[in-house]
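Below is one structure, written out as structure tokens, with a few remarks after it.
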Amino acid sequence: MWAYVVRKLIAAVPVLLGAALLAFLILHLSPGDPARLVAGEQAFEEDVEMIRRQLGLDRPFLVQYGRFLGSVLHGELGRSIRTGRSVRDEIGARFPYTMELAVTSLILSVAIGVVAGILAATRPNTAYDYGATLGALAGVSTPTFWLGLLLMLAFSYYLGWLPASGRGGPLWTWEGVQAMIMPAIALGTPSAAIIARLTRSSLLEVMRQDYVRTARSKGLIERVVINHHALRNALIPVVTVVGLRLGVLLGGAVITEQVFAWPGIGTLIVTAISSRDYPMVQGAILVVAFSFVTVNLGVDLLYALVDPRIRYEE
Amino acid sequence: MARPLVLEAPPAVRPRFEAVFLRRLFRRRLVIVGALLIAGVFMVSLFAPVLAPQGYDDQDLLKRLRPPSPAHALGTDMLGRDLLARIVWGARISLMVGALAVSISLPTGSLLGLLSGFYGGNTDRVIMGLMDVKLAFPGILLALAVVAALGPGLYQVMIAVGVNQIPAFARLVRGSVLSVRKHEYVDAARALGARDVRIMLQHILPNVIAPVVVLATLDVGTAILASAGLSFLGLGAQPPLPDWGGMINQGRAFLRTAWWVGVFPGFAIMLTVLGFNLMGDGLRDALDPRLRT
């Protein structure tokens, strides 16, 4: 197991370096003089020169990247051009809200997806099965931001049941739960659809296996066959996808947050991009990429713990 | 110059592959729905000048935010522009985004996958290592980084979405190449003195193309969806271009008073993407029934 852990940890290093390089390149690939971009259009030439020296933009490329990596490793992400506040503090204040939204919608989509998939697989070729299949297809084809607006239209403006935007409070309060419902559903729908389809096909596959036939021929009732024999094996591929979905949800949250004015990191990134606040964009992209890698690493390790066969592959 | 011996195919006794394939493809009713949706969007974008009741940027400030009526079937937006006209013209943008994104990801990804699978060794390790790095972070981050660097715009979004899909093609093609390259006809071609490039293009590529077609079809839908998301954030096509995602973004401000501005373009996106997804699923089942979901 330890060899596996070490191998996975080593494999994460180039990914993190790649993410850092991407964040680093943003400023350098932008058309125009980076120092001028940071200083602002109207800055005096002396100020631009000072910023160039301060940021080390007059040094060779690799030296710059090395220094960038060094400061990132020290947790130093610079200051926002727009607000002048520390990027690390701004992101630190908002990232938990993004995480909260992503995790809630993951839990919701797993619950809905797995149940819908099981129901469809155990009643193949019925109206229910077709309904679930079509629903899942519609789910992956619907833009999440549009779904969010439809929910808002129905449940906030017409029915008045839920608040249209903002985070109502912590999740253990009623206001918090109410405010979370629509963003979590909008963000989680494609994931629920994908998980439902996967659960259905995986369970149908497993139901054809010999050991399921054996269980049936022992005279076990169908519910026991499914719960104890089929489902455990059918859910293995689902577990992998669940891990990957959390990363997708973290990214997708950028858009959903915009719809519901959720105070997470997504709103921060979009504002930063449109105001050309480079340190903020770099910092936010780094943080999301790092947490994505960390989550995937965690899932890999968890997965190896659950299914020992994984450790010996490759 | 001696030409290699070419064996002619035996006269057809079985039904042709194409016929069997098409029959298998269109046996599923959902595939027909998908084909109709795709054909519909194509026709709409092709005949936009005829179908659209007016230009996409023809404003009439006296008729702002009018609800759907016989004069404006889907209502008007905040500048008095006919929504139906904008959605019809927008079909062109959506299809163009999908097509261009795939025309970046498909050839690049397939080539990388082909090289990686065919040569193996260090070539494989380097290419797949790079692909893994890319796959290891969410697609939207790369897109946001590209837009942050190059500025917002339709072309930037197409590039970002296209680049994002390269690893999927590379992995898929590599996997297929690994299984195809062990076949005897590849050894035979090599024994006849065929060069690597010829073996790859003439003998391996045709045998790995089927799953690539499936992925490309699904990918058009994904690209349309992704670019709509970026346009919704205001980072894609800039006004007054009638981009569906951008139109939803504009409609957001009037959701309470004029819901039609933001709601109708969403149906256009959903139906288009659904069409490509249905078609992609159908192609997968018809090409390889074992993969049936």
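Of the residues B:D132, B:D187, which single one is within 12 Å of chain A (Cβ to nearest Cβ) and surrounded by fewer than 18 Cβ atoms within 10 Å (Cβ to Cβ)?
On the way: B:D187 fails: within 12 Å of chain A (Cβ to nearest Cβ).
None of the others qualify; the one that does is B:D132.
Regarding A:L220, is this residue more than 9 Å from chain B (Cβ to nearest Cβ), surrounded by fewer than 22 Cβ atoms within 10 Å (Cβ to Cβ) and assigned to a helix (DSSP H, G or I)? If you could, list the steps in order and put the result at the bottom.
Details: more than 9 Å from chain B (Cβ to nearest Cβ): yes; surrounded by fewer than 22 Cβ atoms within 10 Å (Cβ to Cβ): yes; assigned to a helix (DSSP H, G or I): no.
So A:L220 does not fit the description; no.
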Practice problem: Report, ordered by the first and then the second residue, all pairs with beta carbons closer than 6 Å, sequence separation of six or more or different chains, a first member in the stretch B:141-153 that is at the interface with chain A (Cβ under 7 Å from one of its Cβ atoms), and a second member that is outside any helix (DSSP H, G or I). | Solution: B:V147/B:L235; B:A149/A:S30
Quiz prompt | Residues (within 7 Å of chain A (Cβ to nearest Cβ) and either under 14 Å from the mean Cα position of the chain (by Cα) or surrounded by fewer than 22 Cβ atoms within 10 Å (Cβ to Cβ) (or both)) located in the stretch B:264-283 | solution = B:I269, B:M270, B:V273, B:L274, B:N277, B:L278
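Just the residues that are part of a helix (DSSP H, G or I) and either charged (D, E, K, R) or over 22 Å from A:I285 (Cβ atoms) (or both), please, taken from the stretch A:64-81.
Of everything in the stretch A:64-81, just one residue is part of a helix (DSSP H, G or I) and either charged (D, E, K, R) or over 22 Å from A:I285 (Cβ atoms) (or both), namely A:R67.
Within the stretch A:113-156, how many residues turn out to be outside any helix (DSSP H, G or I) and either in contact (Cβ under 8 Å) with a residue 60 or more places away in the chain or facing chain B (nearest Cβ under 9 Å) (or both)? Walk me through it before giving the result.
Filtering the stretch A:113-156 down to residues outside any helix (DSSP H, G or I) leaves A:123-126, A:142-143.
Retained after the next criterion (residues that are either in contact (Cβ under 8 Å) with a residue 60 or more places away in the chain or facing chain B (nearest Cβ under 9 Å) (or both)): A:124, A:142-143.
Here the count works out to 3.
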Quiz item: Got at least one residue in the stretch A:181-192 being more than 14 Å from chain B (Cβ to nearest Cβ), more than 16 Å from A:V259 (Cβ to Cβ) and within 19 Å of the chain's Cα centre (by Cα)?
Solution: yes
Quiz item: If you scan the stretch B:181-198, which residues turn out to be touching a residue at least 60 places away in the same chain (Cβ under 8 Å) and part of a helix (DSSP H, G or I)?
Solution: B:D196
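Would you please name the residue that is farthest from the chain's Cα centre (by Cα), looking only at residues in the stretch A:131-167 that are of a type in the set (F, W, Y) and surrounded by 15 or more Cβ atoms within 10 Å (Cβ to Cβ)?
Residues of the stretch A:131-167 that are of a type in the set (F, W, Y), as a first pass: A:145-146, A:155, A:157-158, A:161.
Checking which are surrounded by 15 or more Cβ atoms within 10 Å (Cβ to Cβ) leaves us with A:145-146, A:155.
Working: A:F145: 15, A:W146: 19, A:F155: 26 Å.
My answer is A:F155.
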Exercise. Among the residues of the stretch B:222-263, write down those that are closer than 17 Å to B:M158 by Cβ, surrounded by fewer than 24 Cβ atoms within 10 Å (Cβ to Cβ) and within 9 Å of chain A (Cβ to nearest Cβ).
Key: B:G234
Quiz prompt | Residues satisfying the stated conditions in the stretch A:8-53, i.e. away from chain B (no Cβ under 13 Å), without any contact (Cβ under 8 Å) to a residue 12 or more places away in the chain and not in a loop (DSSP other than H, G, I, E, B) | solution = A:E45, A:E46, A:D47, A:M50, A:R53
Practice problem: Say whether the condition of being assigned to a helix (DSSP H, G or I), surrounded by 13 or more Cβ atoms within 10 Å (Cβ to Cβ), under 18 Å from the mean Cα position of the chain (by Cα) and in contact (Cβ under 8 Å) with a residue 60 or more places away in the chain is met by at least one residue in the stretch B:40-53. | Solution: yes
Quiz item: What are the residues in the stretch A:259-278 that are crowded, with 24+ Cβ neighbours inside 10 Å and among the aliphatic types (A, V, I, L, M), if any?
Solution: A:V259, A:I265, A:L268, A:I269, A:A272, A:I273
Quiz item: Taking interchain pairs and intrachain pairs at least six residues apart, which have beta carbon atoms under 6 angstrom, with the first residue in the stretch B:218-243 and among the hydroxyl-bearing types (S, T, Y) and the second modelled with pLDDT of 90 or more and not in a helix (DSSP H, G or I)?
Solution: B:S231/B:D243
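Every residue, every condition in (1) farther than 19 Å from B:K134 by Cβ; (2) within 11 Å of another protein chain (Cβ to nearest Cβ); (3) modelled with pLDDT of 85 or more, yes or no:
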| position | (1), (2), (3) |
| --- | --- |
| A:P237 | yes, no, no |
| A:T240 | no, no, no |
| A:V259 | yes, yes, yes |
| A:G264 | yes, no, yes |
| A:S274 | yes, yes, no |
| A:V299 | no, no, no |
| A:L302 | yes, no, no |
| A:V306 | yes, no, no |
Quiz item: Can you tell me how many residues in the stretch A:37-59 are crowded, with 16+ Cβ neighbours inside 10 Å and basic (K, R)?
Solution: 1
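The values are calculated or read from the model by the stated rules, or taken from the named source; none is laboratory data. Nothing here was measured: the structure is a model prediction, and the numbers come from that model. Backbone-built Cβ (ideal geometry, glycine too); neighbour counts: all protein chains shown.
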